[in-house]
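> Mind having a look at this structure? Questions to follow.
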Amino acid sequence: MSTDKQTLLDYYRKMVLIRRFEETMEEHARKGYIPGFLHLGIGQEAAQVGTMASFQPGDYVLPDHRSHGVCLMVGTPTREVMAEIFGKKTGTNGGRGGSMHVADFKRGNVGNNAIQGSTMATACGLALAAQVKKTKSVTFEFIGDGTVGRGEFHESLNLAGIWKLPIVYVLVNNGYAISTRATDAHPLADLAKMGCAYKVPGITVDGNDVEAVQAAAKEATDRARRGDGATIIELKTYRWQGHFSGDPASYRPEEEVKAWKEKCPIKRLREKLLKPKMADEAALKAIEDDVEREIQDALKFSIDSPAPTIADALSFVYVGREVTGK
Ligand SMILES: Cc1ncc(C[n+]2csc(CCOP(=O)(O)OP(=O)(O)O)c2C)c(N)n1
Ligand SMILES: [Mg+2]
């Protein structure tokens, strides 16, 4: 593939940003700063960056529970995403959502729902609205391999198929749903084929190759924008950590984890940039240093920001009416 140098450097910065963001979150979860569960997407950066390269203003995205990187890719400032995960008042949702519910409506991030697969129904609604209003907006729906076994998966694909809804299903197949191997849970190895019963075409792609992901996502997005309907892009990748931060992941053989770390999507792009001398070490180091400054700024902002007050917890409970607690 012949992606130009500037675009590849942009992908490199974005992937390093997500990796450093996730590592910083993990470090601070261990120190007790982060309330609630934290699901990290370390190892899945190419899937997030490559897909979101086709996201445009006016589009919608429904991230899943492992999607801090997706939340960053819609353009929400790193400070606000991080502060939300820290549960602070300055976060995207005033600290009410936390890691799994970072939403930024004005940028098209409609947010996640803790119930696997439920956002697939929401995606149908958003896509139907766009179709009726003729806005050309595309809905990006992130799901994992585990979600394929849910009823909503089939119900939603049926609607998307019959109504030709403008949806890109981003099926991140990282091989596991908590401790259950995808190959033990589903009869098909390539889950993209699940759409054929609903006339929703699918493609299975190496999810650690950012250029391959970008190409597949672009084709699916163009197809949706043309009015030709939904596509599933299945991105085969691996989560390096356990299901949540603190899960020892003893259900996975060490050699398997090691082999996938060798296939690191960031290392791969780094080598691609260095070998034909598209970029030198100094240029990549400058990008990494720049990312580090952004991460440290967001971290200081998040730690220094105030926590929500009890009164804050009572606002937005009812539309148009404040609850005073009295
Ligand atoms: C309906 C429902 N069942 C179970 C859960 C608990 N749960 C949270 S994440 C998860 C696994 C999801 O696996 P997958 O879709 O492959 O995503 P991954 O965690 O691998 O990114 C489960 C079972 C849930 N949130 N909702
Ligand atoms: Mg999974």
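> When the chain is fully extended, how far beyond the present Cα-Cα distance does A197 get from A121, taking 0.36 nm per residue of separation?
Details: separation 76, 0.36 × 76 = 27.36 nm, distance 1.78 nm.
Fully extending the segment from A197 to A121 adds 25.6 nm.
> List the GluC sites (Glu not before Pro) within the range 231-326 that DSSP assigns to loop and that have no more than 16 neighbouring Cβ atoms inside 10 Å.
Numbers: sites: E234, E254, E255, E256, E262, E271, E281, E288, E292, E294, E322; in loops: E322.
For GluC sites (Glu not before Pro) across the range 231-326 that sit outside H, G, I, E and B with at most 16 neighbouring Cβ atoms in 10 Å, the list reads E322.
> Can you give the longest stretch of the chain with no exposed loop site, where a site means chymotrypsin sites (Phe, Trp or Tyr not before Pro) in a DSSP loop (not H, G, I, E or B) with at most 14 other C-beta atoms within 10 Å?
1-250
> Looking at the range 199-308, which trypsin sites (Lys or Arg not before Pro) are in a loop (DSSP not H, G, I, E or B) and have at most 10 other Cβ atoms within 10 Å?
On the way: sites: K199, K218, R223, R225, R226, K236, R239, K258, K261, K263, K267, R268, R270, K272, K277, K285, R293, K300; in loops: K199, R239, K263, K277.
Answer by residue number: K277.
> Taking the alpha carbon gyration tensor of the range 5-314, what are the square roots of 5 times its eigenvalues, largest first, to the nearest whole Å?
Details: eigenvalues 155, 113, 84 Å².
Gyration-tensor ellipsoid for the range 5-314: 28, 24, 20 Å.
> Please give the length that would be gained between V317 and L188 if that part of the chain were fully extended, namely 0.36 nm times their separation in residues minus their C-alpha to C-alpha distance (nm, one decimal). Show your work: numbers first, answer last.
Working: separation 129, 0.36 × 129 = 46.44 nm, distance 4.32 nm.
Full extension from V317 to L188 adds 42.1 nm.
> Mind giving me the FRET efficiency for K218 and E255? R0 is 56 Å, r the Cβ-Cβ distance, nearest 0.05 is fine. Could you put the intermediate results ahead of the total?
On the way: r = 35 Å, r/R0 = 0.62.
Computed FRET efficiency for K218 and E255 comes out at 0.95.
A short reminder: the numbers here are calculations on the coordinates, not readings from a lab. Bear in mind that the values here come from a model prediction, so they are computed numbers and not experimental data. We place every Cβ from the backbone using ideal geometry, glycine too, and count neighbours over all the protein chains shown.
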